[in-house]
1. Quick one: would you say Glu196 is out of contact with any strand residue (DSSP E or B) (no Cβ under 9 Å at 6 or more places or on another chain) and modelled with pLDDT under 95?
2. Do we find a residue being surrounded by 19 or more Cβ atoms within 10 Å (Cβ to Cβ) and touching a strand residue (DSSP E or B) at 6+ places or on another chain (Cβ under 6 Å) anywhere in the range 272-295?
3. Restricting to the range 155-174, give me the number of residues that are surrounded by 21 or more Cβ atoms within 10 Å (Cβ to Cβ) and either out of contact with any Phe, Trp or Tyr (no Cβ under 8 Å at 6 or more places or on another chain) or aromatic (Phe, Trp, Tyr) (or both).
4. Would you confirm whether or not the range 203-217 contains a residue that is among the β-branched types (Val, Ile, Thr), under 30 Å from Met109 (Cα atoms) and surrounded by fewer than 20 Cβ atoms within 10 Å (Cβ to Cβ)?
5. Taking Val189, is it in contact with a Phe, Trp or Tyr (Cβ under 8 Å, 6 or more places away or on another chain), of a type in the set (Val, Ile, Thr) and at negative phi?
6. Please verify whether the range 165-188 includes one or more residues that are in contact (Cβ under 8 Å) with a residue 24 or more places away in the chain, closer than 30 Å to Leu114 by Cβ and not assigned by TED's automatic domain parsing to the domain that holds Glu119.
7. Taking the criterion of being touching a Gly at 6+ places or on another chain (Cβ under 8 Å) and either at positive phi or not acidic (Asp, Glu) (or both), would at least one residue in the range 243-254 satisfy it?
Amino acid sequence: MKQIHSSNGSLHSKTNREKGSTMKRVLIILFMLSLIASITACGTKTDTTQGTAQSSAAPAKQEAVANDTLAKIKKDGKIVIGTTGNFRPYSYMDSNNQLVGYDIEWGNMIAKELGVKAEFVTGQFAGLIPGLIANKFDVLMSGANITEERKQSIDFSASYSQDGAVAVIKKGTNAVQDIADIKGKVVGVNAGSAFEAAVKRIGGYKDLKTYPGAAESFADLLAGRVDVVAIGVVSAAEYIKNSPSGKDIEMVGGTFEVKDVGVGLRKNDELKKEIDRIIEMKKKDGTYNKLTQQYFGLTFDK
């Protein structure tokens, strides 16, 4: 009986030792799992923090690039200006195939005040705003109306001109009496212009044809391919006055949606402050009125 008791005591003692060993292993495993979970959580927090930092840094970098235009101009010794080259009297080629016009005068003046030279890049108006955003040039100057839609993509300088839409018809046709009188008509407009948007707002036309410039739209007007051209009153008046075929067309009705014209710039560009300063200076010294009288035969209130 004693032996049996001794044997049972040994078994009981061994079982206790095994239980204690098992508990230690469980505790170690639980501790390791807890440690791994803690490390994983810390790692996740670190990654998130880094991701947030990178995300917030990106816009700052983009803004810095946009604000670098003035420094780039000074470094390069030139300001690159996007324009059309076929939008009289703002920007067009003269008889010597030289780029001239109201915007060219202003571009050269701005360049001079900045202490650099002006370099002009020509293209269709519809591509000027995308080209500006893509850094193909520093600013755009081509009689660009300041509109809320355009201000969503780019910024504008202070106004240095004004313009509004007018209807131009072939003499003797009486095609329309006013720009609002386009119901059932084939209308021509400059592609991407504010006047194209104005015609779409008026609506009711039979067809809307777009052209790269006034010369092309007026040629189709005289050929009978469009009934009326909706264009800026400034450009229409200049074309009628100075072009050989100007005697064959006429403006009718009132001026629709008069808008300011400004220099187009990329968003948040510090260059805007300098250009605004130059425009204001030229208004005060009389240069502004002199140029509007020279190119448009009129002056503006602002």
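The values are calculated or read from the model by the stated rules, or taken from the named source; none is laboratory data. Here the structure is a predicted model, which is why all the values come from computation and not from measurement. Counting neighbours? That spans all protein chains shown, and the Cβs are built from the backbone with ideal geometry, glycine included.
1. No.
2. Scanning the range 272-295 turns up at least one residue that is surrounded by 19 or more Cβ atoms within 10 Å (Cβ to Cβ) and touching a strand residue (DSSP E or B) at 6+ places or on another chain (Cβ under 6 Å).
3. Step one: of the range 155-174, the residues surrounded by 21 or more Cβ atoms within 10 Å (Cβ to Cβ) are 156-157, 160-163, 165-169.
In the following step, the residues that additionally are either out of contact with any Phe, Trp or Tyr (no Cβ under 8 Å at 6 or more places or on another chain) or aromatic (Phe, Trp, Tyr) (or both) were identified as 156-157, 160, 163, 167, 169.
Final tally of qualifying residues: 6.
4. Within the range 203-217, none of the residues are among the β-branched types (Val, Ile, Thr), under 30 Å from Met109 (Cα atoms) and surrounded by fewer than 20 Cβ atoms within 10 Å (Cβ to Cβ).
5. It is true that Val189 is in contact with a Phe, Trp or Tyr (Cβ under 8 Å, 6 or more places away or on another chain), of a type in the set (Val, Ile, Thr) and at negative phi.
6. The answer is no; no qualifying residue exists.
7. no
Residue-by-condition table, conditions (1) farther than 28 Å from Phe300 by Cβ; (2) modelled with pLDDT of 95 or more; (3) out of contact with any Pro (no Cβ under 9 Å at 6 or more places or on another chain):
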| position | (1), (2), (3) |
| --- | --- |
| Lys209 | yes, yes, yes |
| Gly213 | no, no, yes |
| Asp220 | yes, yes, yes |
| Ala223 | yes, yes, yes |
| Gly232 | no, no, yes |
| Gly246 | no, no, yes |
| Gly254 | no, no, yes |
| Gly264 | no, yes, yes |
